[in-house]
Ligand code: NAD
Ligand code: DAU
């Protein structure tokens with residue numbers, strides 16, 4: 001693994017993965033292929049050595065460009081996607097285009113050039129789980145967490161396109177012998193996350209004197225993982241994972257949104273209840289939870305950033321220290337939310 005193409009490497013999780021490689025694997029050269037949509041930012045890669053990381057600005061749907069870039073690689077790690085559920089409810093088309101057609105374009109280039117491919121996906125492909133308390137009160141023994149055997153049941157245009165892209169990968173493995181793996185990870189947090197997403201939106205709301213916004217009652221549960229732990233898991237799968245396999249990535253970080261928001265307020269020195277409850281997301285999934293036993297047992301992976309409160313504190317500090325990174329976007333993002341009634 002000397003030359004790696006990282007698609008979406010100027011976005012949140014992709015750029016953290018590039019930093020992780022540069023910091024830990026001195027022999028690896030990274031080519032980032034990124035369209036720099038509203039979610040991509042060159043600044044996420046600033047300070048990285050030019051002899052280790054190259055940014056190619058382009059679209060993963062551009063067959064000629066993708067073929068040229070992929071030819072040079074030992075592996076492709078595919079992060080690029082349209083990723084925000086709320087946006088997919090407003091306009092699904094870019095999700096169809098990038099998440100399905102873009103993945104297809106990459107798969108074809110990898111197949112034709114026999115390049116190892118790793119597909120970054122999400123726990124959302126499995127749909128929602130019932131809350132733990134409802135499982136305890138129900139004798140039908142509902143599934144407690146997602147495993148690789150959980151049937152796909154996506155809810156939103158975003159998650160359905162991610163599910164579709166996973167299925168394309170599985171078909172390319174079986175039909176064409178593509179050397180591919182898939183990982184489905186839970187909700188990430190950490191530096192460089194776009195301020196449309198829950199945690200950074202609330203931190204930057206507080207920093208701007210705007211009241212934080214909680215969808216509905218805030219009982220929805222997400223399984224939070226620090227993005228650095230996601231990176232180490234992807235590296236383990238890329239280098240030691242079994243071809244054709246899917247691995248679920250999670251760090252046992254279940255929390256409901258109300259708890260997360262109140263923790264942010266408390267850590268930022270605000271009254272715990274100083275937020276607005278607003279209109280809920282349409283089709284809002286209730287709970288996600290990952291069983292990552294397979295990844296831990298087969299590849300010996302363990303998360304390191306398991307103290308959620310410490311991780312949150314560190315993330316808040318990052319947004320305080322990087323106001324220049326997000327300030328210009330804030331007005332645009334909040335204007336869009338306002339238009340959506342959120
Ligand atoms: P992000 O929205 O922060 O970044 C996406 C990146 O992809 C941006 O840099 C953008 O410019 C680029 N991109 C978008 N369309 C492109 C195109 N057509 N061609 C080239 N580049 C394009 O996303 P993220 O939150 O970092 O998520 C990255 C990946 O991880 C996605 O595949 C997502 O489904 C998956 N994932 C995210 C989470 C999470 O909590 N955010 C959890 C599990 C899985
Ligand atoms: O589970 C993995 C997924 O996590 C990824 O596949 C997605 O790309 C990523 O965006 C994320 O999806 P969510 O929809 O869970 O993340 P989001 O940050 O949008 O919202 C997290 C929770 O917070 C969700 O239950 C909705 C809620 N929320 C969100 C926003 C933006 C609020 O209560 N208020 C808000 O303002």
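Would you check if there is a residue in the range 115-124 being near ligand 1 (Cβ under 8 Å from one of its atoms), more than 15 Å from residue 35 (Cβ to Cβ) and out of contact with any helix residue (DSSP H, G or I) (no Cβ under 6 Å at 6 or more places or on another chain)? Yes - at least one qualifying residue is present in the range 115-124. Out of the residues in the range 2-31 that are away from ligand 2 (no atom under 16 Å from the Cβ) and either at positive phi or part of a strand (DSSP E or B) (or both), state the one that is surrounded by the fewest Cβ atoms within 10 Å (Cβ to Cβ). Ranking the qualifying residues of the range 2-31, first place goes to 3.
Looking at 162, 197, just one residue is under 30 Å from residue 24 (Cα atoms), modelled with pLDDT of 95 or more, in contact with a helix residue (DSSP H, G or I) (Cβ under 7 Å, 6 or more places away or on another chain) and within 10 Å of ligand 2 (Cβ to nearest atom), and that residue is 162. Selection of helices (runs of 4 or more DSSP H) fully inside the range 62-129 by the criterion of at least 3 residues being surrounded by fewer than 24 Cβ atoms within 10 Å (Cβ to Cβ) and within 14 Å of ligand 2 (Cβ to nearest atom) returns 85-90.
When 89, 48 are screened for being within 19 Å of the chain's Cα centre (by Cα) and in contact (Cβ under 8 Å) with a residue 24 or more places away in the chain, only 89 passes. Filtering the range 32-52 to residues that are buried (at least 20 other Cβ atoms within 10 Å of the Cβ) and not in a loop (DSSP other than H, G, I, E, B) leaves 32, 33, 34, 44, 45. Can you find a residue that is assigned to a loop (DSSP other than H, G, I, E, B) and over 21 Å from the mean Cα position of the chain (by Cα) anywhere in the range 257-269? There is at least one residue in the range 257-269 that is assigned to a loop (DSSP other than H, G, I, E, B) and over 21 Å from the mean Cα position of the chain (by Cα). The sole residue among 256, 328 that is within 13 Å of ligand 2 (Cβ to nearest atom) and modelled with pLDDT of 95 or more is 256. Just one residue in the set 138, 134 is over 19 Å from the mean Cα position of the chain (by Cα), modelled with pLDDT under 95, part of a helix (DSSP H, G or I) and surrounded by fewer than 23 Cβ atoms within 10 Å (Cβ to Cβ); that residue is 134. Going by the conditions given, is residue 274 in contact with a strand residue (DSSP E or B) (Cβ under 6 Å, 6 or more places away or on another chain) and on the phi < 0 side of the Ramachandran plot? When the stated conditions are applied, residue 274 does not pass them.
The values are calculated or read from the model by the stated rules, or taken from the named source; none is laboratory data. Model, not experiment: these values are computed from the prediction. Here the Cβ is made from the backbone with ideal geometry for all residues, glycine too, and neighbour counts use every protein chain on show.
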